[in-house]
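These notes concern the structure reproduced below.
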Amino acid sequence: MNDKFWGGLSLLFLLVMEAGCKTNSPTSQTPIISSTAMAPIPDTTQKINSGIPEWASKKGTYNPSITRLSDLIHTNLKLRFDWSKQQAIGEATLTLKPFFYPQNTVVLDAKGFTIKSVKLITGSTNKDLAYKYDNQKLTINLDKTYNRNQEYKILIIYVANPNNLQVKGSAAITSDKGLYFINPLGKEPNKPQQIWTQGETEANSAWMPTIDSPNERMTQEIYLTVDQKYITLSNGLLVNSKKNTDGTRTDYWKMDKPHAPYLAMIAVGEFAVVQDKWRNLAVNYYVEPQFANTAKAIFGNTPEMMEFFSKKLGVDFPWQKYASVVVRDYVSGAMENTTASVFMESLQLTKRELQDTNWDFIIAHELFHQWFGDLVTLESWANLPLNESFANYSEYLWEEYKYGKAAADVLNLKELNEYLAESETKQEPLIRYYYKDKEDMFDSHSYAKGGRVLHMLRNYVGDEAFFTALKNYLLTHQFTSVELAELRIAFEDVTGEDLNWFFDQWFLKPGHPDLKITHTYQNGQVQLTVIQQQDSLYTPVYRLPLKVAVWEGSQKKEHNITITEARQTFNLLASSKPNLVLFDAEQQLLGKIDHFKTQAELLYQFNHVNQYLAKYEAITKLTDKVNDPQILKMMRMALKDETPQIRSAALTALAKYTGTESKPVVEELRETAKNDKKSIVRADAVTAIATFPNVDATSVLEKALTDSSYAVVAAGIEGFITTKNSQVATQLKQFDNTKNNEVLRALSGYYARFGGPAYFDWFMKNVQTIKGENLYFFTQNFGGYLMNFGAQVDLKQGLAKLEDMARHHETYFVRLAAFQALSIASDPETQKLLLADIKAKEKDPKLIRIYSSMVE
């Protein structure tokens, strides 16, 4: 065993997963093994060769909005499916017209098709049309030149072959082949047969001919012919369902409000449909039958969200129905197709799993897109934050409304840290027309940073102006496509203020403020000095209107200041030396703030500022001083705080305590592990006890194994690893057949270290069934297991499995984990050529960049 491969959270996993809510997990994960041999450094090949910072904005080519020559009015689509060949057999009738200028040709997006015929529909007869096809674009010669007032209809008979496409993708959407057949031959045990689509960014043209651009809009009718055992779902309403003489059934779905082609969707599978409603609209949840009894527990807040967002925005939910469908092997976290959002299978939870996991954030995110993205759509992918920043911010709005300000601020800090982590290697404008690939837009800028910028805008203009401007923006631009200027104008029309300064520095310029704050007191004044430390060659000097709070005794006074210079001093009246100066009193600024505070000031801050971010700062900055009696008292008070994340932060600090009051501290940790109402806090308490110096944690860890929460069970298993207890494998066997991914991940860490050769088959079985980020860590643990016990098991078979995953797994970060596992599972020289070959044949741009940055 080589201990350098065992430890904390993999930085590399955070880097490759930080693209935002489409892939993020709702709970923190604690892996047991991470490969430091592969130098987990940021995903970038931009080396520092010329003094240019690694993070500095790097322009690609200019990407304008697509020029609209033709306008797609309506799509009528008839589809049936060949499961064995993974093909869609289609008949598409498209109604089009010239957008403005006369046209005698039309160019459609149609990726990987076999074109059977192209005809012009003219009354009772159809006329063959000449066309050219290059496997991506279908260029059709019309029978004459049409002007913008003349519509025409084209019938295209075709076969869609999505598996023949070269697959690309982004960190948020891992594949772009559009149409997916899951377990098509029915040979994979415990996996349903399904068909589903994923259209963003321009992948729907892999299963239907269209103009695959976000600034296009169409109405649609889709006829889906399937075996009668299957349930179907598409946009709009199910008009009718007809049984056919061959044993199939044809479902007719109609979408009579226009939307962008990338928002069209279909799903086919043996779903249970759990019915709900909002006002008079159907709100249904499509899940696998075994999850029908928990579907409302998972999705049941959807109608309340629809009511909340409708009232908050002043614009009612704008569509005919709303459905949520969970599918297997989804290539993203979720997708906001109009009237029917698709979600990854991680949302399907048992009653026991629901204790640990709340998916409200992703459900709110996709729902809010029905306004921002579907009703009003971005004009080009350069404007992606006009979709994703709003959907990201909806998570904050929902948390604030449903669970309180502290819960929302927990999310705010998480999103801020996610963006700041990305900013170490990448700082781009939010709205950016210069990029190498449109998929690059799906990053923590468009999601996390964008949401925080909207929070600052709301804070600056006030709630009434913020939501009035959003209402006007939605109503003015509904069923159209927009760019940033139209959002700015909506706010200026309401506030009466020129807001170019705000939109320019936050949306159109890269970076963020990096502030150093100092304060002194003399002669009845607090002298506050603010230095903007960011490199102004690449990042603006910001205009920052904010509040500073000064406490004299128990009295708080707020001062409004506006920072406009690189170095600026403000004099704030105070009759005595303040107990605390809190910069950005509303805790809303996006950026880095370095403000030194004494221990006394931080203690005062914890006790007198009833804000999550202020309390969290005090705890984290004083963690290393936990042996001080005053700090210890504060941490023990924090264990009783109403915010779970404050209790968890205090647990992390208390685990480091080595003073004379160890016994009562340990008793409080035990009490928290046993009785805290939040399972994640109980889990953190178990972890704290396992790391507490000179404490026998065995009884607590054994008790954790009986907890009703899987998170606590997993923490107990990981605690046995931390305490190096190699004698509990027999006790852990009770979990060997669990289906909970978090527990399986924890077990893989234990067995990788202490399991022995008998667990080889267990690893081989579960590496094929575990999902998501847990599979990332499980796979790395499998590499650790082979490293430790390879001489006693079928090492060749294990390495072959890892090689297959590294080359062929559909999820890029799983391929990365398998690559890392291979690097530690056998002699480096033996694997060197294999790893080089895997790197050379990888086609995903993200992995190519990561591999190129790894130290040999």
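Taken as a whole, the condition of being surrounded by fewer than 22 Cβ atoms within 10 Å (Cβ to Cβ) and polar (S, T, N, Q) does not apply to N235. Applying the condition of being β-branched (V, I, T) and assigned to a helix (DSSP H, G or I) to the stretch 356-393 and asking which residue is nearest to A340 (Cα to Cα) yields I363. Considering the stretch 96-151, and only residues there that are of a type in the set (V, I, T) and over 43 Å from the mean Cα position of the chain (by Cα), the residue that is surrounded by the most Cβ atoms within 10 Å (Cβ to Cβ) turns out to be I121. Just to be sure before I move on: is R849 farther than 18 Å from F763 by Cβ and either crowded, with 21+ Cβ neighbours inside 10 Å or modelled with pLDDT of 90 or more (or both) in the structure I sent? No. For Y460, the test of being of a type outside the set (K, R) and farther than 24 Å from W319 by Cβ is passed.
Taken as a whole, the condition of being in contact with an Asp or Glu (Cβ under 6 Å, 6 or more places away or on another chain), surrounded by fewer than 23 Cβ atoms within 10 Å (Cβ to Cβ), part of a loop (DSSP other than H, G, I, E, B) and modelled with pLDDT under 95 applies to K168. Taking T520 as the residue in question, decide whether it is among the β-branched types (V, I, T), more than 34 Å from the chain's Cα centre (by Cα) and surrounded by fewer than 13 Cβ atoms within 10 Å (Cβ to Cβ). Against the criterion (among the β-branched types (V, I, T), more than 34 Å from the chain's Cα centre (by Cα) and surrounded by fewer than 13 Cβ atoms within 10 Å (Cβ to Cβ)), T520 qualifies.
Of all the criteria given as (1) touching a strand residue (DSSP E or B) at 6+ places or on another chain (Cβ under 6 Å); (2) over 23 Å from F503 (Cα atoms), the one not satisfied by F390 is (2). Please work out if Y473 is on the phi < 0 side of the Ramachandran plot, in contact with a strand residue (DSSP E or B) (Cβ under 8 Å, 6 or more places away or on another chain) and outside any loop (DSSP other than H, G, I, E, B). Yes: the conditions hold for Y473.
Candidates are the residues of the stretch 427-439 that are buried (at least 21 other Cβ atoms within 10 Å of the Cβ) and within 18 Å of the chain's Cα centre (by Cα); the one that is nearest to Q587 (Cα to Cα) is L430.
Set side by side, the residues E492, E483, E439 differ, and just one is of a type in the set (D, E), more than 30 Å from E54 (Cα to Cα) and not assigned by TED's automatic domain parsing to the domain that holds Y604, which is E492.
Counting only strands (runs of 3 or more DSSP E) wholly contained in the stretch 564-618, the ones carrying 2 or more residues that are over 32 Å from the mean Cα position of the chain (by Cα) occupy 567-573, 580-583.
Please verify whether Q194 is of a type outside the set (A, V, I, L, M, F, W, C) and touching a Lys or Arg at 6+ places or on another chain (Cβ under 8 Å), treating the condition exactly as stated. Judged against the criteria, Q194 is a match. Being in contact with a Gly (Cβ under 8 Å, 6 or more places away or on another chain), part of a helix (DSSP H, G or I) and free of Cβ contacts under 8 Å to residues at least 60 places away in the same chain is true of Y396.
Within the stretch 110-133, the set of residues being in contact with a strand residue (DSSP E or B) (Cβ under 6 Å, 6 or more places away or on another chain) and either touching a residue at least 40 places away in the same chain (Cβ under 8 Å) or not assigned by TED's automatic domain parsing to the domain that holds F181 (or both) comprises A110, F113, T114, I115, K116, S117. For S241, the criteria (1) modelled with pLDDT under 95; (2) polar (S, T, N, Q); (3) more than 25 Å from the chain's Cα centre (by Cα) hold in every case but one, which is (1). Residue pairs whose Cβ atoms lie under 7 Å apart, separated by 6 or more positions or on different chains, with the first residue in the stretch 509-535 and assigned to a loop (DSSP other than H, G, I, E, B) and the second hydrophobic (A, V, I, L, M, F, W, C) and surrounded by 14 or more Cβ atoms within 10 Å (Cβ to Cβ), are H512/L590; P513/L544; G524/A574; Q533/L515. Here F442 meets each of (1) farther than 19 Å from W506 by Cβ; (2) surrounded by fewer than 24 Cβ atoms within 10 Å (Cβ to Cβ) with one exception, condition (2).
Candidates M255, M265: the one that is closer than 20 Å to T93 by Cα, touching a helix residue (DSSP H, G or I) at 6+ places or on another chain (Cβ under 9 Å) and either of a type in the set (A, V, I, L, M, F, W, C) or in contact (Cβ under 8 Å) with a residue 24 or more places away in the chain (or both) is M265. Taken together, Y759, Y812, Y751 contain a single residue that is in contact (Cβ under 8 Å) with a residue 24 or more places away in the chain and within 26 Å of V327 (Cα to Cα), which is Y812.
Residues in the stretch 279-296 that are surrounded by 14 or more Cβ atoms within 10 Å (Cβ to Cβ) and of a type outside the set (D, E, K, R): L281, A282, V283, N284, Y285, Y286, V287, F291, A292, T294, A295.
Residues of the stretch 686-732 that are surrounded by 15 or more Cβ atoms within 10 Å (Cβ to Cβ) and part of a loop (DSSP other than H, G, I, E, B): F692, V695, A697, L705, D707, S709, T723, N725, V728. With the structure loaded, tell me whether T672 is part of a helix (DSSP H, G or I) and surrounded by 15 or more Cβ atoms within 10 Å (Cβ to Cβ) or whether it fails that test. Answer is yes for this residue.
The values are calculated or read from the model by the stated rules, or taken from the named source; none is laboratory data. Because the structure is a prediction, the values reported are computed rather than measured. Positions of Cβ are backbone-derived with ideal geometry, glycine not excepted, and every protein chain shown enters the neighbour counts.
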